[in-house]
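S.K.: Dumping the structure here so I can ask a few things about it.
Where a number appears in this text, it was derived from the coordinates with a stated rule and is not lab data. Computed from a prediction, not measured in an experiment: that's the story for all the values here. All Cβ positions, glycine included, derive from the backbone under ideal geometry; neighbour counts span all protein chains shown.
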Amino acid sequence: MNRIGSKLKKLRHDLGLTQKEMAADVISVSFYSKVERGFHDIGAEELIQILEKHGVSFQEFFAETENGNSNDNKINYLKIQLAKAANEDNDTEIGNIITQFEQIVPQTGLTEFLTLQAKIISNTHDDDALSKLSEEEKKKIKQVVFQKEMGENGYLRIVLISNIMELYTVDEATFLVHNMIRRYQNASNIEKKVLVALSVLMINYVDLCLQNNKTNLCSEPLNFLRKLPNTIELAFTKILGKYYENVINGNQDEANQIKKVLIISGYEVNVDRIKK
């Protein structure tokens, strides 16, 4: 019982999940917490369901390999770096991360999925790459968001949707973003990295709406962004949110002032990408 609980806890940390995300509605969060601490046992059926939710096989979970711990730590580190590089549009770093994912031995369903995710993000970062994708390729990329390997890991799902936003129609993106807003209403219970990913998602969605002259859809995501905590981690996206509010309301002078501040602060690349 203690061994299973400790292995579940380690797996959860490696995947970067909260206890609620790890429990995945298979068992209650309070029961799951007691399983991790060795106070409760967990049935084989429930354990298998939880593992399947996160793309981990029963065999992989119990495998005792010599390099298991180092691999788990490396995967967890690379996931964090991938999200950071994706949010910064750093394709060179994403390329390095892809190479490191591919060099992990043995390859598992999780590492293969993370490699695919990194490649998708890298290949959809600029307009030229997007325009070269066939409709079938776009369809396959969008389907990745809902593959079972994504499990209940909201963080990775948000990062991926943010980076492939322009592959969606406005209606598709609106459905996804509204679901995210409903799911993450209580910011006080959300991890900082998830808050950052959500803020980027809102900005990319608003930009998509403006490109398609759908300013009427921007108020809810901008309001959601405005209500997020005023932390240093969210400063950049909150400033962009204020920029878009000014653009929508016709306050072009204020919008231009924000752009100047961003350029002076070294964010020329980001300014070039936002709606003029």
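S.K.: So for each of 42-49, 115-122 I average, over its residues, the number of other beta carbons within 10 Å; can you give me the resulting order with the highest mean first? Please report the intermediate quantities before stating the final value.
M.R.: Numbers: 42-49: 13.9, 115-122: 21.1.
The most tightly packed comes first, giving 115-122, 42-49.
S.K.: Let me ask something else about it. Given 0.36 nm per residue, what is the gain on full extension from I48 to Q143 after removing their alpha carbon distance, in nm?
M.R.: Working: separation 95, 0.36 × 95 = 34.20 nm, distance 2.40 nm.
Extending this stretch completely gives an extra 31.8 nm.
S.K.: I've got another one for you. If I take R0 = 41 Å and measure r between the Cβ atoms of L116 and N186 in this structure, what FRET efficiency does the formula 1/(1 + (r/R0)^6) give, to the nearest 0.05?
M.R.: Details: r = 32 Å, r/R0 = 0.78.
E between L116 and N186, to the nearest 0.05, is 0.80.
S.K.: ³J(HN,Hα) across the stretch 210-218 via Karplus (A = 6.51, B = -1.76, C = 1.60, θ = phi - 60°), whole Hz, x for Gly/Pro?
M.R.: 5, 4, 9, 6, 10, 5, 5, 8, 8
S.K.: So what J values fall out for the stretch 49-59 if you push phi through Karplus, 6.51 cos²θ - 1.76 cosθ + 1.60 with θ = phi - 60°, rounded to Hz, Gly and Pro as x?
M.R.: Rounded to whole hertz, the list is 4, 4, 5, 5, 4, 10, x, 10, 6, 4, 5.
S.K.: May I ask you to order 155-164, 189-198, 215-224 by the average number of other C-beta atoms within 10 Å around their residues, highest value first? Display every interim value, and only then the final one.
M.R.: On the way: 155-164: 23.0, 189-198: 18.7, 215-224: 16.6.
Descending mean neighbour count gives 155-164, 189-198, 215-224.
S.K.: Moving on to the next point. Suppose the chain between N256 and N76 were pulled fully straight at 0.36 nm per residue; how much longer would it get relative to their current alpha carbon spacing?
M.R.: Values: separation 180, 0.36 × 180 = 64.80 nm, distance 3.96 nm.
Going from the current span to full extension adds 60.8 nm.
S.K.: Go through 251-259, 74-82 and give me the packing order, highest mean Cβ count within 10 Å leading.
M.R.: Those peptides, ordered most packed to least, come out 74-82, 251-259.
S.K.: I need the shape label for the stretch 192-276. Rule: rounded when a/c is under 1.5, else prolate if a/b > b/c, else oblate, with a, b, c from the alpha carbon gyration tensor. Please report the intermediate quantities before stating the final value.
M.R.: Details: a/c = 1.58, a/b = 1.06, b/c = 1.48.
Since a/c reaches 1.5 but b/c is at least a/b, the shape of the stretch 192-276 is classed as oblate.
S.K.: May I ask for the distance between the Cα centers of the stretch 221-262 and the stretch 176-209, given as a whole number of Å?
M.R.: Each part reduced to its Cα centre gives a spacing of 15 Å.
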